[in-house]
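Worksheet: the structure to be examined is printed underneath.
Nothing in this text is a laboratory measurement; each read-out follows from the coordinates by a stated rule. Note that the structure is predicted; figures quoted are calculated from it, not measured. Ideal geometry is used to build each Cβ from the backbone, glycine not excepted, and the neighbour counts take in all protein chains shown.
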Amino acid sequence: MPDSGGALLVSNHAGALPPDAPMIAKAIKEEHVHPRRVHLTMEHFFKGYPGFSMLASKLGGVPAHPANVHRLLYDEGELVLVFPEGRKGTEKLYKDRYRLRRFGRGGFVESAMRAKAPIVPIAVVGAEEAAPVFAQLKLLQRLTGLLYVPLTPTFPHGGILGMFGFLPAKFRIRFLEPIPTTQWGEEPWQDRALVQTVAEDVRELIQEELYGMLSKRRSIWFG
């Protein structure tokens, strides 16, 4: 991962109240030779949950808007963390763990290209056991008006605090080689096919790394 300058961190994403973002930020803060702050882009649907938006902003969260990402990457040279699976990742069931969903339309690639910032793929193992989702409670979702009502070991029967009922799990986080975005000439983001190809390449890199990490894992709790 670059020691300075803006970089777009791209990771897999899952879990009822995903713990992957704070774990990545903690790893960079406590284990990197040059600790840096990480800004997390957050989905707009979290606005529907009282207190979550405030908590996310305190943790460095910013609305997932291209202008915010460009400012942080290009103008301020910061680290920005994105989860291209988005809501599809957090809704993923435990039986589908570590199977990456589609990385959208490649908006994260376009943002990195515009800011001339490298893309750093990240593979995270542990979040899907720490915050497993066993089902989506569609009826309760409609009755409450909430956008997301997962069935977990502690939620919804444990109340709102049940969303924070993480299970013990060993996390492993692997930062892959940065992918530069300046080798494709001027305004490469105009080439939609290229943008989509790069997005799919990043997805495949992370997926392959996840499979490799899982094949070597001996225990959910001890790694």
Among (1) hydroxyl-bearing (Ser, Thr, Tyr); (2) surrounded by 16 or more Cβ atoms within 10 Å (Cβ to Cβ); (3) part of a helix (DSSP H, G or I), the one test that residue 197 misses: (2)
Scan of the range 111-136 for residues that are buried (at least 23 other Cβ atoms within 10 Å of the Cβ), out of contact with any Leu (no Cβ under 9 Å at 6 or more places or on another chain) and not hydrophobic (A, V, I, L, M, F, W, C), ordered by number: 128
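Given the criteria among the small types (Gly, Ala, Ser), surrounded by fewer than 19 Cβ atoms within 10 Å (Cβ to Cβ) and farther than 19 Å from residue 25 by Cβ, does residue 104 qualify? Please lay out each step first, then the result.
Working: among the small types (Gly, Ala, Ser): yes; surrounded by fewer than 19 Cβ atoms within 10 Å (Cβ to Cβ): yes; farther than 19 Å from residue 25 by Cβ: yes.
Answer is yes for this residue.
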Selection status of residue 143, surrounded by 14 or more Cβ atoms within 10 Å (Cβ to Cβ) and among the hydrophobic types (A, V, I, L, M, F, W, C): no
Any chance residue 121 is part of a loop (DSSP other than H, G, I, E, B), under 17 Å from the mean Cα position of the chain (by Cα) and under 25 Å from residue 205 (Cα atoms): no
Checklist (1) crowded, with 16+ Cβ neighbours inside 10 Å; (2) out of contact with any Ser or Thr (no Cβ under 9 Å at 6 or more places or on another chain) applied to residue 187, failing item: (1)
Meets criteria (surrounded by 21 or more Cβ atoms within 10 Å (Cβ to Cβ) and of a type in the set (Lys, Arg)) for residue 92: yes
